1. What are the residues in segment 61-98 that are touching a Lys or Arg at 6+ places or on another chain (Cβ under 8 Å) and either part of a helix (DSSP H, G or I) or within 21 Å of residue 34 (Cβ to Cβ) (or both), if any?
2. Restricting the first residue to segment 75-88 and requiring it to be over 23 Å from residue 114 (Cβ atoms) and touching a residue at least 40 places away in the same chain (Cβ under 8 Å), which pairs with a second residue that is not acidic (Asp, Glu) and not in a loop (DSSP other than H, G, I, E, B) meet a Cβ separation below 8 Å and a spacing of at least six or different chains?
3. What number of residues in segment 49-60 are open to solvent by 70 Å² or more (accessible area, probe 1.4 Å) and either of a type in the set (Gly, Ala, Ser) or not in a helix (DSSP H, G or I) (or both)?
4. So which residues in segment 7-48 are touching a residue at least 40 places away in the same chain (Cβ under 8 Å), open to solvent by 80 Å² or more (accessible area, probe 1.4 Å) and among the hydrophobic types (A, V, I, L, M, F, W, C), if there are any at all?
5. Would you mind telling me which numbered condition in (1) loosely packed, with under 12 Cβ neighbours inside 10 Å; (2) farther than 21 Å from residue 35 by Cα residue 105 fails?
6. Of all residues in segment 32-48, which are of a type outside the set (Phe, Trp, Tyr) and not in a helix (DSSP H, G or I)?
Amino acid sequence: MASVNYRLPWPPSINAYWATGTSSKHGVPMTYLTHRAKQFRVDVWAVVWQQHNGPPKKLTGRLAVLIELSAGTKRKYDIDNFCKGTLDALMHAGVFEDDELIDELIVRRLPVKPPGCCDVTVCEV
C-alpha cells in the first residue's frame with residue numbers, strides 16, 4: 001500500500017476559498033477561486049514537488065486521508081472548513097487523480113503551533 005505524508009501551510013477556510021461574482025463580459029454569475037486559494041494551491045504544489053523532486057507518482061486506488069490541523073493562533077474555527085480546499089490543492093499538485101477516490105477522511109485539531117500548519121497523510125486502502 002502506498003502512502004505519503006506532507007506538512008502543508010495553514011490552509012484557507014472554505015469560507016475564504018471560493019467567491020462569487022458576475023462576469024464583466026457577459027454579466028453571468030460565476031464562482032471562482034480567491035487569491036488566497038490560488039496562493040495555497042501554489043504553496044501545496046511546491047511542497048509536494050519539492051518532496052518528490054518533481055511530479056509525484058499519483059495514488060490511484062481507493063484512499064484514506066488523515067488531516068491534522070495545528071492553528072497558528074487560539075482563534076476558534078470549524079475543522080471541517082479546512083478539508084475541501086486542502087484536498088483540492090493536493091489533487092491539483094498531482095498526489096491523486098480525484099478526491100472522489102477518498103473513502104475515509106479523519107480530521108484532527110492539534111494544539112496551537114505558530115505559524116500554523118496542516119499535516120496530511122494519504123494512504124491507498
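The values are calculated or read from the model by the stated rules, or taken from the named source; none is laboratory data. Note that the structure is predicted; figures quoted are calculated from it, not measured. Using ideal geometry, Cβ is built from the backbone for each residue, glycine included, and neighbour counts are taken over all protein chains shown. Calculation scope for accessible area: heavy atoms of the full protein, side chains included, ligands and nucleic acids excluded. Shrake-Rupley method; radii C 1.70, N 1.55, O 1.52, S 1.80 Å.
1. 67, 69, 71, 72, 79, 88, 89, 92, 93
2. That search, which allows pairs on different chains as well, returns 84/14; 88/41.
3. Matching residues across segment 49-60 total 5.
4. Scanning segment 7-48 gives a single hit, 45.
5. That leaves (1) as the condition not met.
6. 33, 34
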